[in-house]
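Below you'll find the structure, written out as structure tokens, and then a few comments.
The values are calculated or read from the model by the stated rules, or taken from the named source; none is laboratory data. None of the values given here were measured: they were computed from a predicted structure. All Cβ positions, glycine included, derive from the backbone under ideal geometry; neighbour counts span all protein chains shown.
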Ligand SMILES: NC(=O)c1ccc[n+]([C@@H]2O[C@H](COP(=O)([O-])OP(=O)(O)OC[C@H]3O[C@@H](n4cnc5c(N)ncnc54)[C@H](OP(=O)(O)O)[C@@H]3O)[C@@H](O)[C@H]2O)c1
């Protein structure tokens, strides 16, 4: 499976400001790029805090791109995947209801039986994979069985760190906005516990964009 992390960050590496409410970082043209990347992906994955705090739709916004997916024999929207320790979503959540993508939730024994039933009734495929944290390798094995070959990870910093330190990421695509948020507690591209000797990367492509941003594509050396 090919795994790509896509993020929008500020020059100081922040993927949100200290308020942690999903601050706008991408430009309109970057959103169009993200939409194309989503349309090319079999599945889009987010971490638990992004899922519960922001309730993202994770759909393909462009009708043309959705039609093109259908013409290629796919569903209009990619599969949505959530990795969440305690899956306290409501049945009305946008993640569960928006678009036509199948929803897969990987969670832990911290999610109650009632909540598991609610999610399944809302149409999600729910797998309990771990006591406190979701076992990522087991989750990926499950996704492979579902035919997922291209997985786009859309943050946040905690889930990016988990994927990267487990050696699961092939490429990182970063939109760097001409913006600085600062704040020691604002989330960054990769949070988690940190890696002392650093994850090594190869720069594959660098573009200066008309909106003042920079788009960088890296291959993760494994
Ligand atoms: N700019 C962008 O491109 C972008 C994209 C997405 C998100 N964001 C921002 O990122 C921030 C959220 O990031 P975050 O780091 O707080 O949270 P996150 O990465 O969205 O979610 C991490 C949480 O997932 C749960 N989890 C369960 N199993 C896990 C595993 N195996 N490995 C890692 N986590 C696991 C944990 O919940 P428990 O702690 O409950 O166990 C963990 O705290 C928000 O501010 C959001 O706006 C920015």
From the list 130, 123, which residue is within 15 Å of the ligand (Cβ to nearest atom), surrounded by fewer than 19 Cβ atoms within 10 Å (Cβ to Cβ) and not in a helix (DSSP H, G or I)? 130
Residue 177 versus (1) modelled with pLDDT of 95 or more; (2) loosely packed, with under 15 Cβ neighbours inside 10 Å; (3) more than 26 Å from residue 79 (Cβ to Cβ): which is the lone unmet condition? (2)
Quick one: residue 68 ticks every box in (1) under 23 Å from residue 125 (Cα atoms); (2) more than 15 Å from the ligand (Cβ to nearest atom) except a single one, so which number is it? (1)
Going by the conditions given, is residue 134 within 29 Å of residue 21 (Cβ to Cβ) and more than 12 Å from the chain's Cα centre (by Cα)? yes
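Test residue 111 against the criterion of being within 14 Å of the ligand (Cβ to nearest atom), at pLDDT 95 or above and surrounded by fewer than 21 Cβ atoms within 10 Å (Cβ to Cβ), and give yes or no.
yes
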Restricting to region 134-186, name every residue that is outside any helix (DSSP H, G or I), more than 16 Å from residue 43 (Cβ to Cβ), out of contact with any helix residue (DSSP H, G or I) (no Cβ under 8 Å at 6 or more places or on another chain) and free of Cβ contacts under 8 Å to residues at least 60 places away in the same chain. 135, 167, 184
Might you check whether a residue that is within 28 Å of residue 8 (Cβ to Cβ), more than 16 Å from the ligand (Cβ to nearest atom) and in contact with a strand residue (DSSP E or B) (Cβ under 8 Å, 6 or more places away or on another chain) occurs anywhere in region 161-178? yes
